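The values are calculated or read from the model by the stated rules, or taken from the named source; none is laboratory data. Please read these numbers as outputs of a predicted model, since none were measured by experiment. Glycine gets a Cβ as well: all are built from the backbone with ideal geometry, and neighbour counts include every protein chain shown. For accessibility, only protein heavy atoms count, side chains too; no ligands or nucleic acids. Shrake-Rupley method; radii C 1.70, N 1.55, O 1.52, S 1.80 Å.
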Amino acid sequence: MKKLLLYLFTLFTLSSFSQQQGNLEFFNTDWGRTVSWDAFCERTKTSGYDGIEIWFPTDEESQKQLKAALEKHNLKVGFLNGTNKSIPFEESLKQYTEHFKTLLSWNPAYINCHTGNDFFSIEQNKAFIEAANKVAKESGTPIYHETHRGRFSYNLPDTEKYMTAIPDLKLTLDISHWMVVHESLLENQDENLKEVINRSHHIHARVGHAEGPQVSDPEAPEWKRALNRHMDIWEKVILQKWAKSDKPFTITSEFGPPDYMPTLPYTRVPVSNQWKVNVFIMQAIKKRMNVQ
């Protein structure tokens, strides 16, 4: 009888897990790109990505080359939009809102926003969030707000306030920022992270630590604890979204170049290969979630 119950429990567990499995789409950051759009997109495709996440190029020739490269290599695009913190609030809000029109004309998979300013009032930051949410509702294009230093979402407690005030606030979770802001891996904040996980619809996959937003190399044994902590949180986000939707969940691998990437003194030689660590984190998530 015990063996039968154990067998049935195992089947139920495996069945429940399989029902939650879904698809992932990975986007490659062009942060630090030094080659042409065609060369970048070709390498992105051959590395196993589904798309790229970028700031919209201002140069018309670059825009033409980008469009051609995306079509040639069959890649999707996710755009970034951000609050300009160097100009007055009203002008910045107008600029931020109007830029959505340009981005939407490219039919992006999503738009990820660096929203607001940690020196703005709650009402000012809410104006940016609500403007973006209005565009998302009218256009049908997913628009998310990234947890990011220097923005309204620069820490966990303040982000909680905005989630309470704005029920339809959708986040891009880049929890590496909070690791350094709170000088911890947030290992005692699981309860407070529940609503953040629930509101997260896109992930920026970079591993931070208590003293910085980016480890030198996520494969290195000294960063195993930090890597595992990030992976545990990401898995919760993914599983929760898979349980609610059959749409692919999107992730951007976002380890940055120097000087975000630690460098050797005097030479500024990066201590790791940016492309390699971004591909590693993509493959590590695929393995963790058991997807191809």
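Points to keep in mind about this one:
- Reported label for calculated Cα extents along the principal axes in Å given (1) 71, 43, 41; (2) 61, 42, 34; (3) 63, 49, 37: (1)
- Dipole axis of the chain (+1 Lys, Arg; -1 Asp, Glu on Cβ), positive-most option in VAL237, VAL207, GLN124: VAL237
- Annotation: Cα Rg of region 185-292 relative to the compact-globule expectation 2.2 N^0.38 Å equals 1.14.
- Percent antiparallel among DSSP beta bridges (both partners in region 139-255, rounded to 5): 10 percent
- Solvent-accessible area of the chain (1.4 angstrom probe, protein heavy atoms only): carbon and sulfur portion equals 53 percent.
- Of all DSSP bridge pairs formed entirely within the chain, close to 5 percent run antiparallel.
- Value of [θ]222 nm, deg cm²/dmol, for the chain, DSSP H segments ≥ 4, -39500 (n - 2.57) each, nearest 500: -15500 deg cm²/dmol
- From phi via Karplus (6.51, -1.76, 1.60), per-residue ³J(HN,Hα) for region 146-156 in Hz, x at Gly/Pro: 7, 6, 8, 4, x, 10, 4, 9, 6, 8, 5
- Rounded to the nearest 20, the size of the Cβ-charge dipole of the chain about its Cα centre is 980 debye, with Lys and Arg at +1 and Asp and Glu at -1.
- For the chain, accessible area per residue (1.4 Å probe, heavy atoms of protein chains only), Å²: 51 Å²
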